[in-house]
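The values are calculated or read from the model by the stated rules, or taken from the named source; none is laboratory data. Not measured: the values here are computed from a predicted model. Cβ placement follows ideal geometry from the backbone for every residue including glycine, while neighbour counts extend to all protein chains displayed.
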Amino acid sequence: MVEHLSKTGLVLLADWVVGPAGTVLSKAGVGSIGGVIERIFTSHGEGVRWAREVGAGDPMHLNGVLAPGWVNAHCHLELTGLAGRISCEGGFPQWIGRLMKAKSEFALEDYRQGVITGAQALLAGGTTSVGDIDSQGVMGRVESPLRMRVYRESLDAFHPQRTPGALEWVRKPMECSGLRGEGLAPHASFTVSPALMRGMARLARGRAAPVTVHWSETQAEVDWLLRGEGRLADVLGPSPRCSGLHILEEAGLLNGELSLAHGNWPAPGEEESIAQADATLVHCPGSHQFFGREPFPLRRYLDAGVRVALGTDSQASNQELDMGREVALLRKNFPWVDPRMAFCMGTEHGARAIGWGTSVGRIQEGFHCDLMHVDASVQTAADAMELLTGENPPVAQVWVDGRSVLTQERA
């Protein structure tokens, strides 16, 4: 159970309310006190009576669908200022080169403004929680009503002389309270040496902090890790000649507190290893489309029992920071996915990925009151789920911790 931050009551009654596992209730509602969901109402009358009992004020009656806010499991808000500026022409290595050049021209204020702008874009699309990569240390100077798991990123590019400094960068714990939580992000299996990976794993265990890693994003990284071949060989030097997943396992990171971003090139059997470890795989449909990559092996992961979440990645490799679009792209690319499963990937699974699986991502008693409202007329529960996952409808209002943080007029 989460703690109350205040005693302010809120009662929301809607035509349709999306509960755990994508279940949809008709003429239902939510009651919260101090930003924590206290009651789920199965009728509007029940909500009206409860509001009187607890002195929560007049209930708010909403047309359309009330649902948990989206949870973006992988994002780089600090790069929002690079929207539309980085071409992927020539492939991923060329994109990386352009990205590094653009970042070299950025000041810390550019990164900070990117976080602010990006957070507002996510809220506008109904996202209430995000797992965000912080490589510059700017999050301490950013205020936002968005709930953020701040993953502090470090790497040493397999250069031993850089390892102590890379570890020192994340050694001091981040001061977090309220809507912030700390996580650690060893950048990737091919940019973080085993020594740095082990060091960050020790820090994560000591702080009970979740960890995220870019994993198996490109064939080039797999070629270098396994055989020391390919386009990365000249850049990175000697290869460890083992898989990225093996490096993570040896460091003690392959567990339920780990999220793996991308996972486009899993070797046979790796999906089973991820499932057995209870780690989460984060797919970014918009970024996948941006790079024109081969079809994502979603069925392999699901058949193996892997928990799959969704993320936007950054606007340096995506058109928008909009989780509704990511879910709709997933449905378009994989029409066989049940809408309820797609919804869970964008909410509950994302919450689990960023270490908040017992407090956000669901309309459930004891969870934070993080909600979105879609003002649209639908006739059935199936229509409501199809609307949310297949059509990326405009979001009318967003609440985080029971506070209204965004209201948008219907077009």
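For the range 68-179, which helices (runs of 4 or more DSSP H) that fit wholly inside it have 3 or more residues that are in contact with a strand residue (DSSP E or B) (Cβ under 7 Å, 6 or more places away or on another chain)? Before the answer, list the steps.
Numbers: elements: 92-104, 108-124, 163-171.
Fully inside the range 68-179 and qualifying: 108-124, 163-171.
Of the residues making up the range 289-304, not a single one is at pLDDT below 95, aliphatic (A, V, I, L, M) and outside any strand (DSSP E or B). Looking only at residues in the range 210-239 that are of a type in the set (A, V, I, L, M, F, W, C), surrounded by 23 or more Cβ atoms within 10 Å (Cβ to Cβ) and touching an Asp or Glu at 6+ places or on another chain (Cβ under 9 Å), the one that is nearest to residue 183 (Cα to Cα) is 211.
Residues in the range 185-235 that are in a helix (DSSP H, G or I), of a type in the set (Gly, Ala, Ser) and free of Cβ contacts under 8 Å to residues at least 40 places away in the same chain: 195, 199, 206, 233.
Test residue 198 against the criterion of being surrounded by fewer than 23 Cβ atoms within 10 Å (Cβ to Cβ), within 23 Å of the chain's Cα centre (by Cα) and farther than 19 Å from residue 264 by Cα, and give yes or no. Spelling it out, it is not the case that residue 198 is surrounded by fewer than 23 Cβ atoms within 10 Å (Cβ to Cβ), within 23 Å of the chain's Cα centre (by Cα) and farther than 19 Å from residue 264 by Cα.
Output yes when any residue across the range 327-335 is touching a Lys or Arg at 6+ places or on another chain (Cβ under 9 Å) and not assigned by TED's automatic domain parsing to the domain that holds residue 14, and no when none is. Let's see the steps before the verdict.
If we filter the range 327-335 for residues that are touching a Lys or Arg at 6+ places or on another chain (Cβ under 9 Å), which is where we start, we get 334.
So of that shortlist, the ones also not assigned by TED's automatic domain parsing to the domain that holds residue 14 come out as 334.
Yes.
Scanning the range 386-393 for any residue that is closer than 20 Å to residue 22 by Cβ, out of contact with any strand residue (DSSP E or B) (no Cβ under 7 Å at 6 or more places or on another chain), buried (at least 20 other Cβ atoms within 10 Å of the Cβ) and assigned by TED's automatic domain parsing to the domain that holds residue 15 turns up at least one such residue.
If you take the residues of the range 166-195 that are of a type in the set (Gly, Ala, Ser) and more than 23 Å from residue 235 (Cα to Cα), which of them is surrounded by the most Cβ atoms within 10 Å (Cβ to Cβ)? Even if it seems obvious, please write down each step before you answer.
Start the filter on the range 166-195 by keeping residues that are of a type in the set (Gly, Ala, Ser), which leaves 166, 177-178, 181, 183, 185, 188-189, 193, 195.
Imposing the further condition that a residue be more than 23 Å from residue 235 (Cα to Cα) reduces the set to 177-178, 181, 183.
Values: 177: 6, 178: 9, 181: 21, 183: 26.
Ranking the candidates gives 183 first.
When residues in the range 115-165 are screened for being crowded, with 24+ Cβ neighbours inside 10 Å, among the small types (Gly, Ala, Ser) and without any contact (Cβ under 8 Å) to a residue 40 or more places away in the chain, 0 of them pass.
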